[in-house]
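First up is the structure itself, then whatever we jot down about it.
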Amino acid sequence: MAVGGDVEVSADETEIYTLVKTFADNAVCYTPPEGRIDLGFTDEGKYLAVWVEDNGNGIPESECARVLDPFYRILGTEQQGAGLGLSIADTLAKKYGGYLELTDSRRFGHGLLIRALLDKETLK
């Protein structure tokens, strides 16, 4: 896979697909139909960032660490799911020497930006 033609990486296709699909599925579930979802890859020095940003409801800061726990679901959400997606994504990011970062959207007035920062040394 090439990122902007500048960074070439080698990784397990299924694992990267799972990471991107998990982020995209969550964004689709929690963003209203008229909302916006952006997805991308950026070179961030030591890391390759895989990210999805939306203008949905976001995740309260107090819940950001907890949503990475297996089977954890935020109370009051109507969406179906087992609460495993972000836990699996976190495990994959760690496998590639990285981590997940969940913050408020930078592009929109509200929403979520989730990034998997993957160590480029593990992607060779």
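A few remarks follow.
- Among the residues of region 17-48, those that are surrounded by 17 or more Cβ atoms within 10 Å (Cβ to Cβ), of a type in the set (A, V, I, L, M) and farther than 15 Å from Gly85 by Cβ comprise Ile37, Leu48.
- A single entry from Asp6, Asp38, Asp12, Asp25 fulfils the requirement of being at pLDDT 90 or above, over 14 Å from the mean Cα position of the chain (by Cα) and not β-branched (Val, Ile, Thr): Asp12.
The values are calculated or read from the model by the stated rules, or taken from the named source; none is laboratory data. This is a predicted model, so every value here is computed, not measured. So basically every Cβ, Gly included, is an ideal-geometry build from the backbone, and we count neighbours across all protein chains shown.
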